[in-house]
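**Q** Starting off with a structure, shown below.
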Amino acid sequence: MDVRGYPTGPIDAKGAFTSEIDLPPIVKAGALNTLVEEDRPYIVGLSGMRHKYVPLRHDPATGAISTGGRYLFRSYEDAIKFRDFLEAKVFPGEQTTFWKRPFFSNAIRFAWSVTGAYDLAPITTHDLNRFERYSVPDAEFEKRLPELFPAFLEAARRADLAHVSLMFQSECNLVGVLTAAAREGRQAPSFETLRLSAEALALRGSVSEARLTGLGARKIFDRTSLNLAVWLPLSEQAGGAPAIWPNSPPIPAPGVEHLGGVHSKAA
C-alpha cells in the first residue's frame, strides 16, 4: 500500500478528539465500514487532522458493536474546531445533526490537549488500539504529565506496541492514554484470530495504569478494539493512500455490504 507522510518517531500533535458510540445489533461490521467511508470525505479535510483510528468492538453476548474515533490534530485549537463541527454538522440526505443520528446511543466524546505522541512502528501496522481514560483530582495534574510520558513511551517499546499518546481533558479533569499495536502474526486472519488478537493486546499490560493510579488517578474506562479503518489525510494530500483497512479481510471492505433500512450514516 502506498502510504506517505507518516514516519515513525515523535508526532507533532497537540490536540486530540475521542468518541465512543454504541450501535444496535442491526449494524454489522461490513456495513459499518461502508458507512464510515461515506462520511470520510466530509470530515478528513478539516484543519490539522493527522490521522483517525476507527475502533470496532463486538459484544458477543448481544451482537452489538461499538465504534467511534481516535483522532490526533496538529493543535488543540484544531481539535476544538473539529468538536464544534461535529456538534453542528448535518450530513447530506440526513435530518439531524451528527450526534443525533437515530442509531447512535451512549455517545461520549471529548476534545483533548496532547502531552506527547509517538509512532514506534509504521502506521500501516496499527491493527488494534487500546484507549484508557482516568479521572484525576484536579486540573493541576496536567503539569505532571510531561515527566510521565517518557516512561509510558519506554513501557510501550518494551511491550512491542506501535503507538502511544498521552492527553489531558481540562473541563472534566481526565487523562487519556491511547496505544496501538499490530496483530499477532501477519498472516490473513479469521474473525476468531482478530478477537484473540484484541484480547491479547489487553494482556500485554497497561503502559500507564500503575504510574497514574499511584499518583491518585482512578481508571474509569478501558477498551481494546480492532481498527476498522485508519484515515490518513497526510498521505492523501501527498498523493498516497487516503485510508487503510487493516482488518479487511475478514471484515468486508467498504462498498461490499450496506445497511438496509437505515438512511443515515455513521462514523
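The values are calculated or read from the model by the stated rules, or taken from the named source; none is laboratory data. None of the values given here were measured: they were computed from a predicted structure. Glycine gets a Cβ as well: all are built from the backbone with ideal geometry, and neighbour counts include every protein chain shown.
**Q** May I ask you to say which residue of G15, G69 is touching an Asp or Glu at 6+ places or on another chain (Cβ under 8 Å) and more than 16 Å from S235 (Cα to Cα)?
**A** Unique residue meeting the criteria: G15.
**Q** Sticking with this one: Tally up the residues in the stretch 38-82 that are buried (at least 19 other Cβ atoms within 10 Å of the Cβ), of a type in the set (K, R) and not in a strand (DSSP E or B), please.
**A** 1
**Q** Need the failing condition index for I21 against (1) in a strand (DSSP E or B); (2) within 14 Å of P242 (Cβ to Cβ); (3) β-branched (V, I, T), just the number.
**A** (2)
**Q** Sticking with this structure for a sec: Among the residues of the stretch 126-153, what is the count of those that are among the acidic types (D, E), closer than 22 Å to R223 by Cβ and not in a strand (DSSP E or B)?
**A** So the count comes out to 1.
**Q** Would you be able to say whether some residue in the stretch 214-232 is assigned to a helix (DSSP H, G or I) and either at pLDDT below 95 or not hydroxyl-bearing (S, T, Y) (or both)?
**A** The answer is yes; a qualifying residue exists.
**Q** So, P254, is that one in contact (Cβ under 8 Å) with a residue 12 or more places away in the chain, within 22 Å of T18 (Cα to Cα) and not aliphatic (A, V, I, L, M) or not?
**A** No: the conditions fail for P254.
**Q** Filter the stretch 1-52 down to residues that are over 17 Å from the mean Cα position of the chain (by Cα), among the hydrophobic types (A, V, I, L, M, F, W, C) and under 16 Å from L226 (Cβ atoms), then give me how many there are.
**A** 2
**Q** Any residue in the stretch 1-30 that is of a type in the set (S, T, N, Q) sitting within a Cβ distance under 6 Å of a residue that is modelled with pLDDT of 95 or more and buried (at least 20 other Cβ atoms within 10 Å of the Cβ)? List the pairs, counting only those 6 or more apart or interchain.
**A** Here the result reads T8/D119; T18/R70; S19/G68; S19/G69, each pair linking the stretch 1-30 to a residue that is modelled with pLDDT of 95 or more and buried (at least 20 other Cβ atoms within 10 Å of the Cβ).
**Q** Among the residues of the stretch 172-187, write down those that are in a loop (DSSP other than H, G, I, E, B) and modelled with pLDDT of 95 or more.
**A** Listed by number, the residues that qualify are C172, N173, A182.
**Q** For the stretch 100-134, name all the residues that are surrounded by 14 or more Cβ atoms within 10 Å (Cβ to Cβ), of a type outside the set (D, E, K, R) and closer than 22 Å to K28 by Cβ.
**A** F103, F104, A107, L128, N129
**Q** I would also like to ask the following. From the residues in the stretch 163-208 that are touching a residue at least 40 places away in the same chain (Cβ under 8 Å) and among the basic types (K, R), which one is surrounded by the fewest Cβ atoms within 10 Å (Cβ to Cβ)?
**A** R195
**Q** Still on this structure, I have one more. Can you find a residue in the stretch 86-105 that is in contact with an Asp or Glu (Cβ under 6 Å, 6 or more places away or on another chain) and in contact (Cβ under 8 Å) with a residue 24 or more places away in the chain?
**A** yes
**Q** Can I ask one more? Being outside any loop (DSSP other than H, G, I, E, B) and within 23 Å of K52 (Cβ to Cβ): is that true of A121 here?
**A** no
**Q** Kindly list the number of the only condition in (1) farther than 22 Å from F149 by Cβ; (2) touching a Phe, Trp or Tyr at 6+ places or on another chain (Cβ under 9 Å) that fails for H51.
**A** It is condition (1) that H51 fails.
**Q** Right, something else. Which one is surrounded by the most Cβ atoms within 10 Å (Cβ to Cβ), of the residues in the stretch 219-260 that are farther than 16 Å from V44 by Cα and of a type in the set (S, T, Y)?
**A** S225
**Q** Among (1) without any contact (Cβ under 8 Å) to a residue 60 or more places away in the chain; (2) farther than 30 Å from D2 by Cα; (3) surrounded by fewer than 19 Cβ atoms within 10 Å (Cβ to Cβ), where does R144 come up short?
**A** With (1) without any contact (Cβ under 8 Å) to a residue 60 or more places away in the chain; (2) farther than 30 Å from D2 by Cα; (3) surrounded by fewer than 19 Cβ atoms within 10 Å (Cβ to Cβ) applied to R144, the lone miss is (1).
**Q** Given the criteria on the phi < 0 side of the Ramachandran plot and out of contact with any strand residue (DSSP E or B) (no Cβ under 9 Å at 6 or more places or on another chain), does E192 qualify?
**A** Considered against the rule, which asks whether it is on the phi < 0 side of the Ramachandran plot and out of contact with any strand residue (DSSP E or B) (no Cβ under 9 Å at 6 or more places or on another chain), E192 comes out as yes.
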